[in-house]
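Below is one structure, written out as structure tokens; comments come after it.
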Amino acid sequence: MSQRNYSKSDLNPVAQQFELLVLGSEGTQIGLAVKTLEAHGYHVQCEASAAKADKFIRAAMAGSRTLHAVLLEIAIDRSQIVELLKLLHQHYPRPARIVLARPDELQGLEELLNDGLIDKLLLQPCSDKKLAQLIEDTVRLHEAVLLNVELIKKVDDLQKEVDAANSNLDKRVKEKAEELIKLIYYDELTGLASSALLKDRLSHAIKSAARDSRKVALFLVGLDRFKYINDSLGQDIGDQVLRDISERISKCVRSSDTVSRFGGDVFGLLVTDAERVEDPGFLAHRILEAVAVPLKIQGQDLFLTASIGISIFPSDADGANLLLANAETAMRQAKLQARNQFRYYSGEFNQIASRRLSLEAELRRAINKKEFELYYQPRVDVSSQCVIGAESLLRWQHPDRGILLPGGFLSVLEETGLIQPLGYWVLEESMQALQRWQAQSLPLIRLAVNLSARQFHDRQLPDRIQQIADNVKLDLMQQRLELEITESLLMEDITSTRAMLQRLHEMGFKIAIDDFGTGYSALNYLITFPLDHLKIDKSFVDKIHTNDDAKAIVEAIVSLSYSLHLNVIAEGVETREQLIALQSLGCKQFQGYLFAKPMPEQQFVSLMSDRGGASIVEMAPEDRLLRDPGR
Ligand code: C2E
Ligand code: CA
Ligand code: CA
């Protein structure tokens, strides 16, 4: 074994910091390599048994010293060396793992190399210098790799920190933006839309209404004397009042409308499809009523009122700002005048509204004073000219204005719900008339009663009718009552309409579709309803011998009624020509001034007793057969 002496300056400065563990036998080539390495400055710990090497490694793992490389001569103890390599690989990757083997010992080692358990496999024999060089290179390379791994991990960690900070920042920016939007667009106290959001929506609504020629209504609802509540009861109670009122107003409107806190004690309300001029006034009324219900605050009733200003696009203004200003003017006028009322910006609407209001009051009074009466218009068989039925028509005996027709007040009855009590009165009165006529031995005829949408949609209708019939002692199953329902009402909600019709039909009512031809009935539904009559609208009858289209429509309705096995009745027949034309098209019954106008009961009774009438045989026997159930 040759030995060379190195001077201090020959020493590798990096190598001086390195600790090497060598497992090998001194007498072999490895011993010479160790000497060379030591000469290069490495601290080398040489062990002759795997057990000792194991102990040394565990001490290093425990942290008592740092180990930079292990050199393992596989011939010493193959199986235990493999265990050592696993231990290092899994728990202490710091030192480079170098294995020395002879060519005949290679089997199995390549696999360990591939699996990363061995960093470098050195073949023996080779010169001690070469061996030392290889070991040194391996250690350096391993150190560099370790350093790299560490750096990459540090960069990774940093990246993660940056990512986390970024996403945190994103979240906070988003939260702040949402907070800001909330602040700008919603009122903190009530949760309603802010004035900014209302203005925004108002501008949009105006644009889209202008496109489709629709109307937009803007309401400003100001609480009357709210300052007084705030001053005398304190701001907390004031806040509570504002919250309660905002809830009440919200309940008055549809979800498509926007309710906003417009500032202080003023609420804004945007109605985007204010098609009918009467509608806004109606809604204003509801809001006033809702506000007027006493608030329970600290066990005491608090009475509030509001004043409402309404402006309408396009008649009052063509832009959002002017519409707002006009609504405000109207609100101020309402406050100045009497409070607890609404004002339109435009005088024209105010007149309509106040007329409707006084009409409503008058109608209430008229119902109480029983100023209503029924007139009867005969229904006539075309060929025999016999009266086979009649229609009850409402009349108002106005104390000053005389007999009033329903056209002038029916819509107010409908909108205010007054039609419900009055409608039941009409039914009761009609039933009583039938009983009276029977008692007077008049010919048995059928009487038709008009039902409006509001009445028809009342779920209690069948029970209430039955109750009335029981009181009047009229047997509904005699089928002497008929209900007239307009065509447009029929198509509103097919399923519940069908169920209601079925129920009424089973109770013994005949069902007629009024104003037929003016609505848009889908034929496939018509077939499924339990119907008995179609009444051809007067507008077609009017033009039947002057307009080919009208004639064609009547012809189509008649043939439709034949195929659906329904009776067809022409309404509003005023001339002989009309009647002849109707007859030639196959229409078998009619009503109209040609025969008689609607008349008071007494007159009707004398007509019936003079002329007599036909009993209720309206259908040809073959038709009856066809409409038998089960066919
Ligand atoms: P309607 O059911 O279509 O009634 C027919 C209307 O035409 C009646 O008007 C009748 O007087 C009128 N009329 C009949 N024959 C002729 C004619 O030859 N020429 C002209 N020009 N008119 C004729 P009225 O009595 O003014 O009733 C109007 C509407 O009011 C009715 O139309 C009906 O929809 C409704 N109505 C009437 N009474 C009641 C009722 O008790 N309850 C409900 N819900 N609605 C009613
Ligand atoms: Ca009718
Ligand atoms: Ca009609």
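Every number here is computed from the coordinates shown, using simple stated rules; none is lab data. Every value quoted in this text rests on a predicted model; they were computed, and no experiment measured them.
Pairs of lysine residues in region 493-589 that meet both criteria, 8 or more places apart or on different chains and Cα atoms under 18 Å apart, total 9.
Relative to the longest principal axis of the Cα atoms of the chain, the long axis of helix 128-185 lies at roughly 20 degrees. Once the Cα atoms are used to define both axes, helix 29-40 deviates from the longest principal axis of the chain by about 80 degrees. Cross-link partners of LYS55 among lysines, defined as those whose alpha carbon lies under 24 angstrom from its own and excluding same-chain residues fewer than eight positions apart: LYS35, LYS86, LYS120. Here the scattering of region 201-302 is modelled by Debye summation over its C-alpha atoms, one equal scatterer each and no solvent; at q = 0.15, 0.25 Å⁻¹ the log10 of I(q)/I(0) is -0.65, -1.38. The convex hull defined by the C-alpha atoms of the chain has an orientation-averaged projected area of 57.6 nm². Rounded to the nearest 10 degrees, what's the angle between the helix 461-472 long axis and the longest principal axis of the chain, both from Cα atoms, 0 to 90? Here the helix axis deviates by roughly 30 degrees. Each principal axis of the Cα cloud of region 149-264 was taken in turn, and the coordinate range along them, longest first, works out to 76, 48, 19 Å.
One equal scatterer on each Cα of region 370-626, no solvent, Debye formula: the resulting log10 I(q)/I(0) at q = 0.09, 0.11, 0.13, 0.16 Å⁻¹ is -0.38, -0.58, -0.84, -1.34. Of the beta bridges in the chain, as assigned by DSSP with both residues counted there, near 45 percent are antiparallel. Working note: Karplus 6.51/-1.76/1.60 with θ = phi - 60° gives region 47-62 the couplings 10, 9, 10, 4, 4, 5, 4, 4, 4, 4, 4, 4, 5, 5, 4, 5 Hz, where Gly and Pro are set to x.
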